[in-house]
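Please treat every number below as a calculation from the coordinates, not as lab data. A quick note: this is a predicted structure, and the numbers were derived from the prediction, not measured. Please note: Cβ atoms are built from the backbone with ideal geometry, for glycine as well, and neighbour counts cover all protein chains shown.
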Amino acid sequence: MEHFMEGYQTYCQACENYGLESMNYHLYVKQLTEEQLYAFNEYKRDATIQEIS
């Protein structure tokens, strides 16, 4: 469950950007599908790679 934390941080930032309240981490992991969880993690990795380049 802990390996989704990077994606959760991306999710929280997106909520903040749009003025939405984010759900807590436990609900994030329970409510999103596995595909959605991995998509947020992948987005975070891609953004990190672009920052390094």
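Pairs are defined by a Cβ separation below 7 Å, a sequence spacing of at least 6 or placement on different chains, a first member in the stretch 3-28 that is free of Cβ contacts under 8 Å to residues at least 24 places away in the same chain, and a second member that is among the aliphatic types (A, V, I, L, M) and surrounded by fewer than 16 Cβ atoms within 10 Å (Cβ to Cβ); no pair meets this definition. The residue that is farthest from the chain's Cα centre (by Cα), among those in the stretch 1-20 that are among the charged types (D, E, K, R) and surrounded by 10 or more Cβ atoms within 10 Å (Cβ to Cβ), is Glu16.
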